[in-house]
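Novice: Sharing a structure with you now.
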Amino acid sequence: MSTSSALELLPILLLLVRLLAGACLIHAVLTRQEIYWIVILALATFLGGFFAPIMALVYFFQTLLPWLRGRGRVAGQAVTRGVEAMKPLDTRIREAQARLAESDTLQHRADVAALQARAGRPDEAQATLQPLLQGVFADDPVVLLTSAELDLARGDAAAAEAKLSRVSLTSSAATRTQTLTLLAQAQAAQGKPDADATYREAMTGATTEEPRARYAAHLASQGRNEEARAVLDDMAKAEARATPLYRKQEREWFALAANLRKELR
């Protein structure tokens, strides 16, 4: 390429770099990057020059390009999940069973059990999990909690309580909340007076609204309507203060609370 041709292309290249800098500036502002990046990219966009466009290219390769790749992976995963969700449940169970037959891992076995449980086949789901309860994963919280939940669905509250007693409450706040909530349900199903105290313990430091919603339902089932209303009032206040994300995340339990309030009027 001749020198004159290169000089003719130079304004176009500079314009493209400034456009890139503008895109980087928008990204930096929206994602709340460090203020020095915003200043540099603003200079590159509006003033041009030599140093600022170079920094725009640095920002593009260092920050914007990895971000775009990550967004692409997330979008791909969302599409995959959407396609999976559209498949009939029986088809998904067969595919999960095929993966399990090919590679018998904790995740594959748990996936099959979860799908069987969703299909209303708790006996099959429990049979799928049974080998894990006798092997190296016998004390794994995920296995114990899943199996206990299946026991409750099958009406075997005593077996659920026995498994839940083996779960450590110090591993994580989420595990503690789930364990105590299931334990309270198992105790209530057996008519044990311990259920009240266990529900209240589950509500302390809970990572979800489930314990409060289930406790309110438990109180209402016993005719303790005033106590149930007090719990539901607390949930209403929590919903009013919650962020949109939290309300979406906990919509099942807020909906249960709304239905209980209607029933207790």
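The values are calculated or read from the model by the stated rules, or taken from the named source; none is laboratory data. Model, not experiment: these values are computed from the prediction. Counting neighbours? That spans all protein chains shown, and the Cβs are built from the backbone with ideal geometry, glycine included. Areas reflect the complete protein model, heavy atoms only, side chains present, ligands, DNA and RNA absent. Shrake-Rupley method; radii C 1.70, N 1.55, O 1.52, S 1.80 Å.
Novice: Counting just the residues of the range 124-150 that are surrounded by 13 or more Cβ atoms within 10 Å (Cβ to Cβ) and among the acidic types (D, E), which one comes out nearest to T175 (Cα to Cα)?
Specialist: D140
Novice: Quick one: would you say T170 is at negative phi, open to solvent by less than 50 Å² (accessible area, probe 1.4 Å) and either hydroxyl-bearing (S, T, Y) or within 20 Å of the chain's Cα centre (by Cα) (or both)?
Specialist: So T170 fails the test.
Novice: Spot the failing condition for T181; the list is (1) open to solvent by less than 30 Å² (accessible area, probe 1.4 Å); (2) among the β-branched types (V, I, T); (3) in contact with a Leu (Cβ under 7 Å, 6 or more places away or on another chain); (4) not in a loop (DSSP other than H, G, I, E, B), and only one is missed.
Specialist: With respect to (1) open to solvent by less than 30 Å² (accessible area, probe 1.4 Å); (2) among the β-branched types (V, I, T); (3) in contact with a Leu (Cβ under 7 Å, 6 or more places away or on another chain); (4) not in a loop (DSSP other than H, G, I, E, B), T181 is out only on (3).
Novice: From Q187, Q126, which residue is more than 26 Å from Y215 (Cβ to Cβ), in a helix (DSSP H, G or I) and in contact with a helix residue (DSSP H, G or I) (Cβ under 7 Å, 6 or more places away or on another chain)?
Specialist: Q126
Novice: Pick out the one residue from R261, R265 that is open to solvent by 60 Å² or more (accessible area, probe 1.4 Å), modelled with pLDDT under 95, more than 25 Å from P141 (Cα to Cα) and not in a helix (DSSP H, G or I).
Specialist: R265
Novice: For A160, all conditions in the list (1) open to solvent by less than 30 Å² (accessible area, probe 1.4 Å); (2) small (G, A, S); (3) within 22 Å of L89 (Cβ to Cβ) hold save one; what is the number of the exception?
Specialist: The one condition A160 does not meet is (3).
Novice: Filter the range 229-246 down to residues that are surrounded by 15 or more Cβ atoms within 10 Å (Cβ to Cβ) and without any contact (Cβ under 8 Å) to a residue 12 or more places away in the chain, then give me how many there are.
Specialist: Qualifying residue count for the region: 2.
Novice: Mind telling me which of the residues R94, R69, R81, R109 ends up being modelled with pLDDT of 80 or more, open to solvent by 80 Å² or more (accessible area, probe 1.4 Å), in a helix (DSSP H, G or I) and on the phi < 0 side of the Ramachandran plot?
Specialist: R94
Novice: So E252 ticks every box in (1) outside any helix (DSSP H, G or I); (2) open to solvent by 80 Å² or more (accessible area, probe 1.4 Å) but one. Which box is left unticked?
Specialist: With respect to (1) outside any helix (DSSP H, G or I); (2) open to solvent by 80 Å² or more (accessible area, probe 1.4 Å), E252 is out only on (1).
Novice: Within the range 208-215, is there a residue that is under 26 Å from G120 (Cα atoms) and either β-branched (V, I, T) or not in a helix (DSSP H, G or I) (or both)?
Specialist: Yes, there is a match, as at least one residue in the range 208-215 is under 26 Å from G120 (Cα atoms) and either β-branched (V, I, T) or not in a helix (DSSP H, G or I) (or both).
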